Amino acid sequence: MSDVSDVSDVSDVSDAELPNCRISFDNNPFHGKLLAMYRLVGRRDFLTALIKGGAALTLSYQALGQQLSGTALTAANITDNFTHITGAGGNILVLSGLDGLLMVDGTLPEQSAALLQFMGGEFRNQKIQVLFDTDWHLEHTGSNETIRRTGTKIIAHENTKLWLGADFFCDWQNRAYKPQPAEALPNETFYTSAKMTFGKEQIEYGYLGQAHTDGDIYVFFPRTNILAAGDVVSVGKYPILDYTTGGWIGGLVDATKKLLSVADAETRIVPGAGPLQTHADLQAQYDMLAAVKDRLVKLLKQGMGSKDMISAQPTKDFDEKWGNPELFISNAYRGMWGHVRELGGIV
């Protein structure tokens, strides 16, 4: 897009309202945000905001996000160089460096243009150098195609790449998935764990096994003690056990235990959606999952089906915190049947 250096056509706004209103975007510390808003809302609304003073002139990211996607996109600083973006369907973590940006997760395909325009204003059109996909779900990977075209390195577990390129039916969603274009696939994958450096930040990332899916990963920044955990960590609702693509409750117990070993009491944990979490929050999830897993395994050994399990209310003492358990129990049941031999005593 071409730059805008001056806005002086105010013929449809009264002189009384706009004395000497000429706006230069050059050498302005808010250049990216002002320019993005000007292009988005139009000249008259932009100038009207300027007239009305400081409150309107704030041009908040939230207002910009509402114009972009119908949902409020917001950006909050975790540290000077880490930003937490919400409102795009899930959490997005952005690390700003001298050479550009590193992102953990994106958004749905239909929201990607809005997200990138928002980020252009927020980060003054810095290039996204690296993008991590914490699992294959489109809520996190839908931006891949748009972002990869700019030369971005997209890192994910190999299983995430395989699912993005697969043709399959997810029966708990009653939804068919078609292979994503080659440009939407990660261009760097790993199997166990790896490390890299981005600016001054050391980054450690690792595989979490068959948990929420069979491609879940975490991304840890030890210098600033920030842990991006994706949908392995759930806030205010029971976790999704996507058994269609390898998720199951036993694996989620193990993955949560792994995250507990990575984090400490001071770690700021970025879940797939919802507010930042603590080590204590993660411990509460582990305690719930471990207890419910044991109860469900016992019910499975008694010959119960998923509806029987739901009626037995094995999560009753956790429902106030975690919400409606029906999908969680139903998916846990299906997932356990994929692991009956290791559970033992069932077949």
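If Gly345 passes every condition in (1) surrounded by fewer than 16 Cβ atoms within 10 Å (Cβ to Cβ); (2) modelled with pLDDT of 95 or more but one, which one does it miss?
(2)
Give the range 124-164 a look and list any residue that's crowded, with 18+ Cβ neighbours inside 10 Å and among the hydrophobic types (A, V, I, L, M, F, W, C), or say none.
Ile128, Val130, Leu131, Phe132, Trp136, Leu138, Ile147, Ile154, Ile155, Ala156, Trp163, Leu164
For Asp287, which of the numbered conditions (1) under 29 Å from the mean Cα position of the chain (by Cα); (2) touching a residue at least 12 places away in the same chain (Cβ under 8 Å); (3) under 22 Å from Ala255 (Cα atoms) fails to hold?
Asp287 satisfies every listed condition except (2).
How about the range 188-211: which of its residues are surrounded by fewer than 16 Cβ atoms within 10 Å (Cβ to Cβ) and at pLDDT 95 or above?
Matches in the range 188-211: Glu188, Phe190, Tyr191, Thr192, Ser193, Ala194, Lys195, Met196, Thr197, Gln202, Glu204.
Gly120 - would you say it is surrounded by fewer than 21 Cβ atoms within 10 Å (Cβ to Cβ) and either under 19 Å from the mean Cα position of the chain (by Cα) or of a type in the set (Asp, Glu) (or both)?
Details: surrounded by fewer than 21 Cβ atoms within 10 Å (Cβ to Cβ): yes; either under 19 Å from the mean Cα position of the chain (by Cα) or of a type in the set (Asp, Glu) (or both): yes.
Answer is yes for this residue.
Within the range 280-342, which helices (runs of 4 or more DSSP H) (wholly inside it) include 2 or more residues that are closer than 30 Å to Arg268 by Cα?
Output list reads 319-322, 326-337.
Which of the residues spanning the range 172-187 are out of contact with any Gly (no Cβ under 6 Å at 6 or more places or on another chain), surrounded by fewer than 21 Cβ atoms within 10 Å (Cβ to Cβ) and of a type outside the set (Gly, Ala, Ser)?
Residues satisfying the conditions are Trp172, Gln173, Asn174, Arg175, Tyr177, Lys178, Gln180, Pro181, Glu183, Asn187.
The values are calculated or read from the model by the stated rules, or taken from the named source; none is laboratory data. If you're wondering where the values come from, they're calculated on a predicted model, not measured in any experiment. In this analysis, Cβ positions are derived from the backbone assuming ideal geometry, glycine residues included, and neighbour counts consider all displayed protein chains.
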